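Remarks on the structure that follows.
The values are calculated or read from the model by the stated rules, or taken from the named source; none is laboratory data. Predicted model, so just to flag it, every value in this text is computed and none were measured. Glycine also receives a Cβ, built like all others from the backbone with ideal geometry; neighbour counts cover every protein chain displayed.
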Amino acid sequence: MVGKITAVRAMEILDSRGNPTVRVFVELSDGTAVSSSVPSGASTGENEAIELRDGDSSRYLGKGVLKAVANVNDLIGPQLLGRSADDQVGIDRLMIDADGTANKSSLGANAILGVSMAVARAAASSLHVPLYRYLGGTTTRRIPVPAMNIINGGAHADNSVDIQEFMAVPLGAPTFAEGLRSVAETFHILKKILKSRGLSTGIGDEGGFAPNLKSNEDAIETIIQAIEQAGYRPGIDIAISLDSAASSFSTDLTSSYDMKRSGSGPMKSADLIALGEEWVRKYPIVTWEDPLAENDWEGFRLFTEKLGDRIDVVGDDIFVTNTHYIERGIKEKTANSVLIKLNQIGTVTESIDAVRMCRDAGWRYFISHRSGETEDTFLADFAVAMDGGQLKTGSASRSERIAKYNRLLEIEQELGNSALYYWR
Ligand code: PGA
Ligand code: ZN
(Lines give C-alpha, C1' and ligand atoms only; values in the text may rest on other atoms or scores of the structure.)
(Ligands and ions follow the chains in the order given, each with its own letter.)
Protein backbone atom coordinates (compact mmCIF):
# COMPACT_ATOMS: atom_id res chain seq x y z
CA MET A 1 0.00 0.00 0.00
CA VAL A 2 1.30 3.38 -0.93
CA GLY A 3 1.39 6.01 1.83
CA LYS A 4 -0.95 8.95 2.13
CA ILE A 5 0.31 12.52 1.94
CA THR A 6 0.83 14.00 5.41
CA ALA A 7 2.92 17.08 4.55
CA VAL A 8 3.78 19.23 1.53
CA ARG A 9 6.08 22.20 1.90
CA ALA A 10 8.35 24.23 -0.33
CA MET A 11 11.42 26.41 -0.02
CA GLU A 12 13.40 28.76 -2.23
CA ILE A 13 16.76 27.34 -3.36
CA LEU A 14 19.23 28.33 -6.11
CA ASP A 15 19.61 26.81 -9.57
CA SER A 16 22.85 26.28 -11.49
CA ARG A 17 22.88 29.92 -12.65
CA GLY A 18 22.46 31.18 -9.08
CA ASN A 19 18.82 32.16 -9.65
CA PRO A 20 16.07 31.19 -7.23
CA THR A 21 13.95 28.12 -7.90
CA VAL A 22 11.51 25.95 -5.97
CA ARG A 23 12.21 22.78 -3.97
CA VAL A 24 9.21 20.83 -2.71
CA PHE A 25 9.22 18.32 0.17
CA VAL A 26 6.53 15.64 0.43
CA GLU A 27 5.98 13.34 3.43
CA LEU A 28 3.74 10.27 3.62
CA SER A 29 1.95 8.40 6.38
CA ASP A 30 4.45 5.52 6.17
CA GLY A 31 7.39 7.78 6.98
CA THR A 32 8.49 8.41 3.38
CA ALA A 33 10.12 11.84 3.04
CA VAL A 34 11.44 13.07 -0.32
CA SER A 35 12.04 16.29 -2.21
CA SER A 36 12.27 17.46 -5.80
CA SER A 37 13.57 20.66 -7.41
CA VAL A 38 12.37 22.60 -10.43
CA PRO A 39 14.62 23.62 -13.37
CA SER A 40 14.45 26.90 -15.30
CA GLY A 41 15.13 27.83 -18.96
CA ALA A 42 16.81 30.86 -20.57
CA SER A 43 15.78 30.53 -24.21
CA THR A 44 12.16 29.94 -23.31
CA GLY A 45 9.29 29.60 -25.77
CA GLU A 46 6.63 32.29 -25.41
CA ASN A 47 3.88 29.67 -24.94
CA GLU A 48 5.57 27.86 -22.07
CA ALA A 49 3.74 27.50 -18.77
CA ILE A 50 4.54 30.49 -16.56
CA GLU A 51 7.32 30.31 -14.02
CA LEU A 52 6.04 32.53 -11.21
CA ARG A 53 8.64 35.09 -10.09
CA ASP A 54 8.12 37.65 -7.34
CA GLY A 55 9.17 40.73 -9.35
CA ASP A 56 10.44 42.27 -6.12
CA SER A 57 13.58 44.08 -7.26
CA SER A 58 14.97 44.19 -3.72
CA ARG A 59 15.49 40.40 -3.82
CA TYR A 60 17.48 38.48 -6.45
CA LEU A 61 16.85 41.23 -9.03
CA GLY A 62 13.16 40.44 -9.04
CA LYS A 63 13.70 36.71 -9.62
CA GLY A 64 12.69 35.46 -6.16
CA VAL A 65 10.14 32.64 -6.01
CA LEU A 66 8.62 33.24 -2.56
CA LYS A 67 5.13 33.60 -4.06
CA ALA A 68 5.41 30.18 -5.71
CA VAL A 69 6.74 28.77 -2.40
CA ALA A 70 3.76 30.29 -0.55
CA ASN A 71 1.38 28.84 -3.14
CA VAL A 72 2.71 25.35 -2.39
CA ASN A 73 2.64 25.85 1.37
CA ASP A 74 -0.70 27.63 1.69
CA LEU A 75 -2.80 26.77 -1.36
CA ILE A 76 -1.71 23.44 -2.89
CA GLY A 77 -0.37 21.52 0.11
CA PRO A 78 -3.50 21.63 2.30
CA GLN A 79 -5.62 20.24 -0.55
CA LEU A 80 -3.37 17.19 -0.93
CA LEU A 81 -3.31 15.99 2.67
CA GLY A 82 -4.73 12.49 3.04
CA ARG A 83 -4.49 11.68 -0.69
CA SER A 84 -2.76 8.55 -1.85
CA ALA A 85 0.64 9.46 -3.30
CA ASP A 86 0.12 7.20 -6.31
CA ASP A 87 -2.86 9.23 -7.51
CA GLN A 88 -0.52 11.17 -9.84
CA VAL A 89 -3.16 11.99 -12.44
CA GLY A 90 -5.73 13.04 -9.83
CA ILE A 91 -3.25 15.22 -7.97
CA ASP A 92 -1.96 16.86 -11.15
CA ARG A 93 -5.55 17.44 -12.29
CA LEU A 94 -6.42 18.98 -8.93
CA MET A 95 -3.53 21.45 -9.25
CA ILE A 96 -4.41 22.31 -12.87
CA ASP A 97 -8.02 23.01 -11.81
CA ALA A 98 -6.97 24.97 -8.71
CA ASP A 99 -4.75 27.13 -10.92
CA GLY A 100 -7.55 27.66 -13.41
CA THR A 101 -5.48 29.33 -16.16
CA ALA A 102 -4.28 27.87 -19.49
CA ASN A 103 -0.63 28.60 -18.70
CA LYS A 104 -0.48 27.99 -14.92
CA SER A 105 0.15 31.68 -14.31
CA SER A 106 -1.96 31.77 -11.17
CA LEU A 107 -0.19 29.23 -8.93
CA GLY A 108 2.95 29.09 -11.11
CA ALA A 109 4.25 26.16 -13.12
CA ASN A 110 7.28 26.12 -10.81
CA ALA A 111 5.02 25.57 -7.77
CA ILE A 112 2.88 22.94 -9.52
CA LEU A 113 5.74 21.00 -11.11
CA GLY A 114 7.69 20.86 -7.85
CA VAL A 115 4.73 19.18 -6.17
CA SER A 116 4.04 16.93 -9.17
CA MET A 117 7.61 15.59 -9.26
CA ALA A 118 7.90 15.22 -5.47
CA VAL A 119 4.60 13.29 -5.33
CA ALA A 120 5.86 10.86 -8.01
CA ARG A 121 9.11 10.35 -6.15
CA ALA A 122 7.27 9.85 -2.85
CA ALA A 123 5.02 7.18 -4.35
CA ALA A 124 8.01 5.33 -5.84
CA SER A 125 9.85 5.49 -2.55
CA SER A 126 6.80 4.34 -0.59
CA LEU A 127 6.45 1.35 -2.93
CA HIS A 128 10.20 0.62 -2.69
CA VAL A 129 10.67 0.71 -6.45
CA PRO A 130 13.07 2.93 -8.41
CA LEU A 131 11.43 6.06 -9.80
CA TYR A 132 12.05 4.95 -13.42
CA ARG A 133 10.21 1.69 -12.79
CA TYR A 134 7.36 3.37 -10.93
CA LEU A 135 6.77 5.77 -13.84
CA GLY A 136 7.63 3.37 -16.68
CA GLY A 137 6.40 -0.03 -15.52
CA THR A 138 8.04 -3.29 -14.62
CA THR A 139 9.74 -3.97 -17.99
CA THR A 140 11.35 -0.52 -18.22
CA ARG A 141 14.99 -1.03 -19.11
CA ARG A 142 16.11 1.18 -21.99
CA ILE A 143 18.76 3.78 -21.24
CA PRO A 144 18.57 6.79 -23.57
CA VAL A 145 21.40 7.80 -25.89
CA PRO A 146 22.79 11.06 -24.51
CA ALA A 147 23.20 14.13 -26.71
CA MET A 148 26.14 15.75 -24.95
CA ASN A 149 26.20 19.50 -25.48
CA ILE A 150 29.92 20.21 -25.90
CA ILE A 151 29.88 23.65 -27.57
CA ASN A 152 27.48 26.29 -26.24
CA GLY A 153 26.41 29.41 -28.10
CA GLY A 154 23.34 31.61 -28.47
CA ALA A 155 21.52 32.50 -25.25
CA HIS A 156 23.72 30.11 -23.24
CA ALA A 157 27.07 31.81 -23.86
CA ASP A 158 28.64 35.18 -24.64
CA ASN A 159 30.54 34.20 -27.76
CA SER A 160 30.53 34.46 -31.56
CA VAL A 161 28.29 31.44 -32.17
CA ASP A 162 24.58 31.83 -33.07
CA ILE A 163 23.57 28.17 -32.82
CA GLN A 164 22.81 27.42 -29.18
CA GLU A 165 23.89 23.79 -28.85
CA PHE A 166 26.36 21.50 -30.61
CA MET A 167 25.93 17.99 -29.26
CA ALA A 168 27.88 14.74 -29.60
CA VAL A 169 25.65 11.65 -29.81
CA PRO A 170 27.30 8.27 -29.09
CA LEU A 171 24.87 6.31 -31.22
CA GLY A 172 27.26 3.46 -32.05
CA ALA A 173 28.22 2.50 -28.48
CA PRO A 174 27.26 -0.90 -27.04
CA THR A 175 26.19 0.47 -23.64
CA PHE A 176 25.31 3.80 -22.07
CA ALA A 177 28.50 3.72 -19.98
CA GLU A 178 30.65 3.22 -23.10
CA GLY A 179 28.72 5.87 -24.97
CA LEU A 180 29.15 8.35 -22.14
CA ARG A 181 32.87 7.56 -22.03
CA SER A 182 33.29 8.20 -25.74
CA VAL A 183 31.65 11.62 -25.68
CA ALA A 184 33.37 12.60 -22.42
CA GLU A 185 36.71 11.73 -24.07
CA THR A 186 35.70 13.78 -27.10
CA PHE A 187 34.92 16.70 -24.75
CA HIS A 188 38.43 16.49 -23.23
CA ILE A 189 40.11 16.29 -26.66
CA LEU A 190 38.01 19.24 -27.79
CA LYS A 191 39.43 21.25 -24.90
CA LYS A 192 42.97 20.46 -26.06
CA ILE A 193 42.16 21.48 -29.64
CA LEU A 194 40.59 24.77 -28.52
CA LYS A 195 43.57 25.49 -26.28
CA SER A 196 46.03 24.76 -29.09
CA ARG A 197 44.18 27.28 -31.25
CA GLY A 198 44.43 29.90 -28.51
CA LEU A 199 40.66 29.82 -27.93
CA SER A 200 38.82 30.05 -24.64
CA THR A 201 37.99 26.84 -22.80
CA GLY A 202 35.55 28.61 -20.47
CA ILE A 203 32.14 26.99 -20.38
CA GLY A 204 28.55 28.08 -20.98
CA ASP A 205 25.36 27.41 -19.02
CA GLU A 206 25.10 23.75 -19.97
CA GLY A 207 28.79 22.99 -19.44
CA GLY A 208 29.96 23.00 -23.06
CA PHE A 209 32.86 25.18 -24.18
CA ALA A 210 31.96 28.68 -25.32
CA PRO A 211 34.83 29.81 -27.59
CA ASN A 212 34.78 32.64 -30.11
CA LEU A 213 34.95 30.44 -33.18
CA LYS A 214 35.23 31.75 -36.75
CA SER A 215 31.74 30.59 -37.66
CA ASN A 216 28.96 28.17 -36.78
CA GLU A 217 30.52 25.69 -39.26
CA ASP A 218 33.83 26.00 -37.45
CA ALA A 219 32.09 24.64 -34.31
CA ILE A 220 30.90 21.55 -36.19
CA GLU A 221 34.23 20.99 -37.92
CA THR A 222 36.15 21.34 -34.65
CA ILE A 223 33.87 18.76 -33.01
CA ILE A 224 34.43 16.36 -35.92
CA GLN A 225 38.17 16.82 -35.45
CA ALA A 226 37.78 16.08 -31.72
CA ILE A 227 35.75 12.92 -32.42
CA GLU A 228 38.47 11.67 -34.78
CA GLN A 229 41.35 12.55 -32.47
CA ALA A 230 39.55 10.76 -29.62
CA GLY A 231 39.66 7.64 -31.81
CA TYR A 232 36.03 7.50 -32.91
CA ARG A 233 34.38 7.56 -36.34
CA PRO A 234 32.16 10.60 -36.98
CA GLY A 235 28.68 9.51 -37.96
CA ILE A 236 29.29 5.87 -37.02
CA ASP A 237 30.42 5.93 -33.40
CA ILE A 238 29.50 9.52 -32.62
CA ALA A 239 27.14 11.74 -34.61
CA ILE A 240 26.19 15.38 -34.25
CA SER A 241 23.00 16.94 -32.99
CA LEU A 242 22.20 20.65 -33.18
CA ASP A 243 19.79 22.95 -31.39
CA SER A 244 19.62 26.22 -33.32
CA ALA A 245 17.13 27.68 -30.81
CA ALA A 246 16.38 29.87 -33.82
CA SER A 247 13.85 32.02 -31.94
CA SER A 248 16.81 33.59 -30.17
CA PHE A 249 18.26 34.97 -33.44
CA SER A 250 14.95 35.64 -35.15
CA THR A 251 13.94 39.28 -35.39
CA ASP A 252 10.18 38.59 -35.66
CA LEU A 253 9.87 34.96 -34.44
CA THR A 254 8.20 34.17 -37.78
CA SER A 255 10.38 34.43 -40.89
CA SER A 256 13.26 36.86 -40.43
CA TYR A 257 16.55 36.05 -38.80
CA ASP A 258 19.84 37.77 -38.05
CA MET A 259 22.84 35.57 -37.28
CA LYS A 260 24.81 38.54 -36.09
CA ARG A 261 27.08 36.88 -33.55
CA SER A 262 28.98 34.97 -36.22
CA GLY A 263 28.61 37.77 -38.75
CA SER A 264 26.48 35.59 -41.07
CA GLY A 265 23.94 38.41 -41.13
CA PRO A 266 20.22 38.70 -41.95
CA MET A 267 18.46 35.64 -43.35
CA LYS A 268 14.96 34.50 -44.29
CA SER A 269 13.49 31.06 -43.55
CA ALA A 270 14.50 29.84 -47.04
CA ASP A 271 18.15 30.73 -46.38
CA LEU A 272 18.15 28.73 -43.15
CA ILE A 273 16.53 25.78 -44.92
CA ALA A 274 19.18 25.91 -47.67
CA LEU A 275 21.87 26.08 -44.97
CA GLY A 276 20.27 23.06 -43.28
CA GLU A 277 20.39 21.06 -46.51
CA GLU A 278 24.02 21.98 -47.05
CA TRP A 279 25.09 21.06 -43.51
CA VAL A 280 23.19 17.76 -43.47
CA ARG A 281 24.93 16.87 -46.76
CA LYS A 282 28.35 17.85 -45.41
CA TYR A 283 28.25 16.80 -41.77
CA PRO A 284 27.12 13.69 -39.80
CA ILE A 285 24.07 15.43 -38.32
CA VAL A 286 21.33 13.11 -37.04
CA THR A 287 19.09 15.49 -35.09
CA TRP A 288 18.25 19.17 -35.53
CA GLU A 289 16.14 21.01 -32.98
CA ASP A 290 14.41 24.36 -33.53
CA PRO A 291 16.03 25.06 -36.92
CA LEU A 292 13.41 27.79 -37.36
CA ALA A 293 11.71 30.13 -34.89
CA GLU A 294 8.71 29.25 -32.75
CA ASN A 295 6.11 30.99 -34.93
CA ASP A 296 7.70 29.97 -38.23
CA TRP A 297 5.36 26.98 -38.70
CA GLU A 298 5.66 27.16 -42.49
CA GLY A 299 9.46 27.36 -42.41
CA PHE A 300 9.54 24.42 -40.00
CA ARG A 301 7.24 22.43 -42.32
CA LEU A 302 9.44 23.11 -45.36
CA PHE A 303 12.59 22.21 -43.39
CA THR A 304 10.93 18.91 -42.40
CA GLU A 305 9.76 18.28 -45.98
CA LYS A 306 13.35 18.64 -47.21
CA LEU A 307 15.21 16.88 -44.40
CA GLY A 308 12.71 14.92 -42.30
CA ASP A 309 13.47 11.62 -44.05
CA ARG A 310 17.16 11.94 -43.18
CA ILE A 311 17.25 13.47 -39.70
CA ASP A 312 15.07 14.06 -36.66
CA VAL A 313 13.58 17.53 -36.87
CA VAL A 314 12.76 18.35 -33.27
CA GLY A 315 10.34 21.03 -32.09
CA ASP A 316 11.13 22.63 -28.73
CA ASP A 317 9.96 26.27 -28.46
CA ILE A 318 7.32 25.69 -31.15
CA PHE A 319 5.58 22.84 -29.26
CA VAL A 320 6.53 23.67 -25.63
CA THR A 321 5.63 20.08 -24.54
CA ASN A 322 1.98 21.07 -25.01
CA THR A 323 -0.39 18.61 -26.73
CA HIS A 324 -2.32 21.55 -28.19
CA TYR A 325 0.69 22.58 -30.31
CA ILE A 326 2.01 19.03 -30.85
CA GLU A 327 -1.37 18.03 -32.30
CA ARG A 328 -1.19 20.90 -34.80
CA GLY A 329 2.39 19.91 -35.66
CA ILE A 330 1.38 16.32 -36.34
CA LYS A 331 -1.50 17.45 -38.58
CA GLU A 332 0.64 19.91 -40.53
CA LYS A 333 3.80 17.70 -40.62
CA THR A 334 5.70 20.57 -39.03
CA ALA A 335 8.44 18.33 -37.60
CA ASN A 336 8.89 14.64 -36.82
CA SER A 337 9.99 14.80 -33.17
CA VAL A 338 9.28 16.73 -29.98
CA LEU A 339 11.51 17.91 -27.17
CA ILE A 340 9.94 17.09 -23.81
CA LYS A 341 10.67 19.49 -20.94
CA LEU A 342 8.65 18.96 -17.77
CA ASN A 343 8.60 22.61 -16.76
CA GLN A 344 7.37 23.80 -20.16
CA ILE A 345 4.00 22.24 -19.36
CA GLY A 346 4.17 21.98 -15.58
CA THR A 347 3.05 18.50 -14.51
CA VAL A 348 4.39 14.95 -14.81
CA THR A 349 1.01 13.77 -16.16
CA GLU A 350 0.87 16.33 -18.97
CA SER A 351 4.49 15.61 -19.93
CA ILE A 352 3.59 11.93 -20.26
CA ASP A 353 0.50 12.91 -22.29
CA ALA A 354 2.83 14.73 -24.69
CA VAL A 355 5.04 11.64 -24.98
CA ARG A 356 1.98 9.47 -25.62
CA MET A 357 0.82 11.77 -28.42
CA CYS A 358 4.25 11.47 -30.08
CA ARG A 359 4.23 7.69 -29.82
CA ASP A 360 0.73 7.46 -31.27
CA ALA A 361 1.79 9.55 -34.26
CA GLY A 362 5.01 7.63 -34.83
CA TRP A 363 7.04 10.70 -33.84
CA ARG A 364 10.17 10.54 -31.73
CA TYR A 365 10.53 12.42 -28.47
CA PHE A 366 13.64 13.57 -26.68
CA ILE A 367 13.68 14.20 -22.95
CA SER A 368 15.48 17.39 -21.94
CA HIS A 369 16.88 19.33 -18.99
CA ARG A 370 16.83 23.16 -18.86
CA SER A 371 19.82 25.46 -19.00
CA GLY A 372 19.13 26.34 -15.35
CA GLU A 373 19.20 23.03 -13.44
CA THR A 374 19.64 21.67 -9.94
CA GLU A 375 21.24 18.56 -8.48
CA ASP A 376 17.89 16.75 -8.75
CA THR A 377 18.21 13.62 -10.90
CA PHE A 378 14.46 13.20 -11.54
CA LEU A 379 15.08 13.73 -15.26
CA ALA A 380 17.35 10.67 -15.60
CA ASP A 381 14.69 8.35 -14.17
CA PHE A 382 12.00 10.08 -16.20
CA ALA A 383 13.96 9.58 -19.45
CA VAL A 384 14.39 5.86 -18.76
CA ALA A 385 10.72 5.55 -17.78
CA MET A 386 9.62 7.16 -21.06
CA ASP A 387 11.60 4.56 -23.04
CA GLY A 388 12.66 7.25 -25.51
CA GLY A 389 15.72 7.27 -27.69
CA GLN A 390 17.58 10.33 -26.55
CA LEU A 391 18.24 12.58 -23.59
CA LYS A 392 19.68 16.10 -23.51
CA THR A 393 21.34 16.82 -20.20
CA GLY A 394 24.39 18.94 -20.94
CA SER A 395 28.10 18.44 -21.06
CA ALA A 396 30.74 16.44 -19.21
CA SER A 397 31.15 19.27 -16.75
CA ARG A 398 29.03 21.09 -14.14
CA SER A 399 27.70 18.83 -11.41
CA GLU A 400 24.03 19.61 -12.09
CA ARG A 401 24.55 17.92 -15.51
CA ILE A 402 26.87 15.17 -14.28
CA ALA A 403 24.35 14.21 -11.55
CA LYS A 404 21.96 13.03 -14.27
CA TYR A 405 24.66 11.10 -16.14
CA ASN A 406 25.77 9.46 -12.91
CA ARG A 407 22.20 8.45 -12.13
CA LEU A 408 21.93 6.84 -15.59
CA LEU A 409 25.17 4.93 -14.94
CA GLU A 410 23.63 3.70 -11.69
CA ILE A 411 20.42 2.64 -13.42
CA GLU A 412 22.34 0.80 -16.14
CA GLN A 413 24.39 -1.03 -13.53
CA GLU A 414 21.29 -1.86 -11.48
CA LEU A 415 19.60 -3.33 -14.57
CA GLY A 416 22.69 -5.38 -15.43
CA ASN A 417 22.15 -7.70 -18.39
CA SER A 418 18.57 -6.54 -18.74
CA ALA A 419 19.57 -2.99 -19.72
CA LEU A 420 18.99 -1.95 -23.33
CA TYR A 421 20.95 0.75 -25.14
CA TYR A 422 20.48 1.44 -28.82
CA TRP A 423 19.90 4.31 -31.17
CA ARG A 424 17.25 2.93 -33.53
P1 PGA B 1 16.68 26.56 -22.19
O2 PGA B 1 17.45 25.87 -23.39
O3 PGA B 1 16.58 25.60 -21.07
O4 PGA B 1 17.51 27.76 -21.90
O5 PGA B 1 15.32 26.94 -22.75
C6 PGA B 1 17.35 24.52 -23.69
C7 PGA B 1 16.86 24.30 -25.08
O8 PGA B 1 16.57 25.26 -25.83
O9 PGA B 1 16.74 23.14 -25.49
ZN1 ZN C 1 15.93 23.86 -27.55
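Listed values, structure above:
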quantity	calculated
Selected residue (only one of Ile203, Ile223, Ile236 is touching a helix residue (DSSP H, G or I) at 6+ places or on another chain (Cβ under 9 Å), of a type in the set (A, V, I, L, M, F, W, C) and on the phi < 0 side of the Ramachandran plot)	Ile223
Those residues of the range 218-249 which are part of a strand (DSSP E or B) and crowded, with 24+ Cβ neighbours inside 10 Å, in sequence order	Ile238, Ala239, Ile240, Ser241, Leu242, Asp243
Helices (runs of 4 or more DSSP H) contained entirely in the range 63-102, each with at least 1 residues that are within 22 Å of Leu14 (Cα to Cα)	66-70, 77-80
Complete set of residues in the range 351-387 that are in contact with a His (Cβ under 9 Å, 6 or more places away or on another chain) and either assigned to a loop (DSSP other than H, G, I, E, B) or not assigned by TED's automatic domain parsing to the domain that holds Glu289 (or both)	Ser371
Residues located in the range 174-199, provided they are at negative phi, exposed (fewer than 15 other Cβ atoms within 10 Å of the Cβ) and not in a helix (DSSP H, G or I)	Pro174, Arg197
Test: residue in the range 332-346 that is more than 24 Å from Thr138 (Cβ to Cβ), within 15 Å of ligand 2 (Cβ to nearest atom), at pLDDT 95 or above and in contact with a Cys (Cβ under 6 Å, 6 or more places away or on another chain)	yes
The lone exception for Leu52 - which of (1) farther than 30 Å from Ser250 by Cβ; (2) more than 16 Å from ligand 1 (Cβ to nearest atom) it fails	(1)
Matching residues in the range 252-269 - criterion: being in contact with a Pro (Cβ under 8 Å, 6 or more places away or on another chain) and polar (S, T, N, Q)	Ser256
Residue pairs meeting the criteria (Cβ under 8 Å; at least 6 apart or on separate chains; first touching a residue at least 40 places away in the same chain (Cβ under 8 Å) and at positive phi, in the range 148-170; second in a strand (DSSP E or B) and within 15 Å of ligand 2 (Cβ to nearest atom))	Gly154/Glu165
Of the criteria (1) part of a loop (DSSP other than H, G, I, E, B); (2) of a type in the set (A, V, I, L, M); (3) within 16 Å of ligand 1 (Cβ to nearest atom), which one Leu171 fails	(3)
The range 286-327, residues that are in contact (Cβ under 8 Å) with a residue 12 or more places away in the chain, of a type outside the set (Phe, Trp, Tyr) and in a helix (DSSP H, G or I)	Glu298, Gly299, Arg301, Leu302, Thr304, Glu305, Lys306, Leu307, Thr323, Ile326, Glu327
Condition check for Leu180: assigned by TED's automatic domain parsing to the domain that holds Ser397, over 18 Å from the mean Cα position of the chain (by Cα) and more than 16 Å from ligand 2 (Cβ to nearest atom)	no
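Every residue, every condition in (1) surrounded by 24 or more Cβ atoms within 10 Å (Cβ to Cβ); (2) touching a residue at least 24 places away in the same chain (Cβ under 8 Å); (3) among the hydrophobic types (A, V, I, L, M, F, W, C), yes or no:
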site	(1), (2), (3)
Leu339	yes, yes, yes
Asp360	no, no, no
Gly372	no, yes, no
Lys392	yes, yes, no
Ser395	yes, yes, no
Arg398	no, yes, no
Leu409	no, yes, yes
Asn417	no, no, no
